[in-house]
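Taking it in order: structure first as structure tokens, then the write-up.
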2 protein chains.
Amino acid sequence: MIRRNKERREEVLHEMKEGKGDIKLFHLLEKDEMSGKGRLCVREVLAPGYSIGYHKHEGDFELYYILEGEGVFNDNGVKATVRKGDVVRTGNGESHSIENIGDKDLELIAIILFE
Amino acid sequence: MIRRNKERREEVLHEMKEGKGDIKLFHLLEKDEMSGKGRLCVREVLAPGYSIGYHKHEGDFELYYILEGEGVFNDNGVKATVRKGDVVRTGNGESHSIENIGDKDLELIAIILFE
């Protein structure tokens with residue numbers, strides 16, 4: 001199965017996890033294409049100043065792969081700047097947030113797998 | 001956990017799945033960081049002319065997200081060009097290959113999850 005850039009289901013989440021702004025989600029795989037191993041596989045786009053609020057993962061873990069731009073990532077209470085090519089993993093019971101601190105879009109792949 | 005671009009374990013596979021050339025793998029997550037849900041989470045780099053040979057997936061499924069460049073993807077017997085932003089899914093019992101047909105590196109994220 002090939003799913004082109006422009007063929008993905010698009011979703012916009014307002015103030016995602018009590019963050020700022022409107023986050024665009026482009027579904028790379030739908031949940032029923034993950035064979036019960038996870039529940040999210042998306043490309044997310046955060047415009048400058050937008051963020052996904054701090055939230056805890058329970059029963060699953062999430063990884064982000066930064067595609068473009070620069071963000072501040074709160075890694076279970078410790079903040080650091082993340083850039084293109086960086087990967088982050090937030091485990092079961094851990095928390096995270098991410099904010100676009102740059103002047104262009106922050107783009108990332110986000111995948112949530114069950115723990 | 002944050003793993004920077006330059007902190008990943010690098011591996012080079014020669015004639016991967018009887019393909020051409022040397023494929024560079026940069027491990028985004030190690031297998032033991034996948035909580036039993038999968039066995040591979042890498043960024044792969046194929047120089048021009050290099051390829052991953054045609055092979056079947058049994059007991060798992062794989063997705064590729066194309067980061068840069070252009071390749072010919074053999075999707076279970078049907079060939080198509082894939083480019084930046086495209087995602088492909090090869091299911092349990094299906095087969096695939098990918099070849100760099102461009103004049104710059106083909107880079108992709110590859111994730112194998114169990115079925």
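Just a few scattered comments:
- Of A:K84/B:K84; A:K6/B:K84; A:K56/A:K84, those spanning more than 19 Å from alpha-carbon to alpha-carbon: A:K56/A:K84
- Each residue of region A:59-70 was assigned a 3J(HN,Hα) from its phi angle through the Karplus curve 6.51 cos²θ - 1.76 cosθ + 1.60 (θ = phi - 60°); the sequence is x, 7, 9, 10, 10, 10, 10, 7, 8, 8, x, 9 Hz, with glycine and proline shown as x.
- When you restrict to C-alpha pairs under 8 Å that are six or more residues apart and normalise by the size of chain B, the relative contact order lands at 29 percent.
- Counting every other Cβ atom within 10 Å of each residue's Cβ, A:T90, B:T81 order from fewest to most as B:T81, A:T90.
- Our compactness index for region B:30-115, the C-alpha radius of gyration over the empirical 2.2 N^0.38 Å, is 1.05.
- For A:G102, the residues whose amide H sits under 5 Å from its own are A:G49, A:E70, ignoring neighbours fewer than 5 places away on the same chain, with H placed 1.01 Å from N.
- Summary for B:E58: label point 7 Å along Cα→Cβ; distances to the equivalent points in the other copies, ascending, 4.2 nm.
- Dipole-positive endmost among A:I23, A:S35, A:N92 within chain A (Cβ charges, Cα centre): A:S35
- Taking N as its residue count, the alpha carbon Rg of the protein assembly as shown over 2.2 N^0.38 Å: 0.98
All of the numbers you see were taken from the coordinates with simple rules; none came from a lab. Everything numeric in this text was worked out from a predicted model, so none of it was measured. Neighbour counts run over all protein chains shown; Cβ positions are idealised from the backbone, glycine included.
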